[in-house]
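The values are calculated or read from the model by the stated rules, or taken from the named source; none is laboratory data. Since this is a predicted model, take the numbers as computed values, not measurements. Note that each Cβ is placed from the backbone with ideal geometry, even for glycine, and that neighbours are counted across all protein chains shown. Surface accessibility is based on the protein's heavy atoms, side chains included, excluding ligands, DNA and RNA. Shrake-Rupley method; radii C 1.70, N 1.55, O 1.52, S 1.80 Å.
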Number of protein chains: 2
Amino acid sequence: MRVAFATIWCYDALMTLQPSEETIQAWIQLHKSQRMLLERVELALKKNGLPPLDWYDVLLELSRDTDSGLRQYEIGQRMLLSKHNLSRLIDRLEKNRLVRRDACAEDGRGNRIRIAEEGKALLGKAWPVYRKALQDNFGEKLTPAEMIELARLLGKVSKRS
Amino acid sequence: MRVAFATIWCYDALMTLQPSEETIQAWIQLHKSQRMLLERVELALKKNGLPPLDWYDVLLELSRDTDSGLRQYEIGQRMLLSKHNLSRLIDRLEKNRLVRRDACAEDGRGNRIRIAEEGKALLGKAWPVYRKALQDNFGEKLTPAEMIELARLLGKVSKRS
DNA sequence: TCCAATTAGTTGCAAATGCAACAAGATAAG
DNA sequence: CTTATCTTGTTGCATTTGCAACTAATTGGA
């Protein structure tokens, strides 16, 4: 029993107290890759005179609910943006006439954000550039099976404890 | 031969022009996961009165070359930080006496950054917190084999074209 | 009904980031 | 040797982010 106890103790110490070497490598790689890819894709967008990726993401979410629009907190949840930040991101989009911010009927505090015609137009113009940058910098680096596996692993990793 | 040609064409169109659905899912998941994990770990650091992760990363790099120190551009390459940004990050660290910035003997333009005693102390104080946050939020979510596979896939993805 | 607690969103202020221009030392070509 | 070019790093300015405090509307009890 002594051996088993020692084994359990070691296992516990190694598995829960200390991140393994593999864990640390994956952690570093995760941040490096994400940063590098984002930088490259953003650069491609900018070179073609297009706004940053955040704008695209918001517009894309909104384009899925053209009629009813979305509440700000809904966009925030989907994009993982804090509310104050989102508030000002919407300001910018509104100023550029890409979205409209209407008072909300069922909740006097909030507003409904809807994509405007110019917003749709921008989506259409940006997608070819985004698509190419995405494929060149990311898509073609892995086989379809690897891509599915990557998404699965990342999904597991971001599950709340 | 017509068929083969058509096949090739389709393949080309699908594989290089258009990111597949799997690619898009993995792309979204990559950014969501990274953002979420970073947020959680940064929060843990802050709750314990520790500085942001960037500080830790720089100090860690420097702690590997205690004697000779590192040039700023070397740190920049390893951490994927732009030079102007790094310049000011070092300013902050220097102001907090965590590093020293000495004139560089072999190149009059640059300087060598060395970790100071207080920097080492901070590393020691931060690691237990960082380690726990890393393990709880990331390490324990995957098996060791999955972790290795994740690092491998991310590595492939960030190879320059 | 009335009041406390929660939620949605905004705003002021400080800190961090990106961009472009810059200074100054190194390098290479003539 | 001289001059043009490249590299390393800094700085000013505008934009963006994070934090905390705030308003206003909703919800849920007593």
About the Cα centre of the stretch B:12-161, what is the dipole size in debye to 20, counting +1 per Lys and Arg Cβ and -1 per Asp and Glu Cβ, all else neutral?
-> 460
Report the charge-dipole magnitude of the protein assembly as shown in Debye, nearest 20, computed about the Cα centre from +1 at each Lys and Arg Cβ and -1 at each Asp and Glu Cβ.
-> 620
Computed log₁₀ I(q)/I(0) - Debye formula, equal Cα scatterers, no solvent, chain B, q 0.17 Å⁻¹ = -1.13
Report, ordered by chain and residue number, the aspartates and glutamates lying within cross-link reach of residue B:47, taken as a straight Cα distance under 20 Å and ignoring same-chain residues fewer than 8 apart.
-> B:39, B:57, B:136
Selected from B:45, B:150, B:93 as most flexible by GNM, with chain B as the system and alpha-carbon contacts under 10 Å = B:150
Here are some pairs, A:32/A:132; A:83/A:159; B:32/B:95; B:32/B:141; which of them have Cα atoms lying more than 24 Å apart in this structure?
-> B:32/B:95
Buried accessible area, chains B and A (both chains, 1.4 Å probe, Å² to nearest 100) = 5600
Find the relative contact order for chain A and round it to a whole percent, using C-alpha pairs within less than 8 Å whose residues are 6+ positions apart.
-> 22
Heavy-atom accessible surface of chain B: percent carbon and sulfur, 1.4 Å | 56
What are the extents of the Cα atoms of the protein assembly as shown along their three principal axes, listed from largest to smallest and rounded to whole Å?
-> 59, 50, 49
Could you tally the net charge around residue A:76, taking each other residue with its Cβ under 11 Å from the Cβ of residue A:76, Lys/Arg +1 and Asp/Glu -1?
-> +1
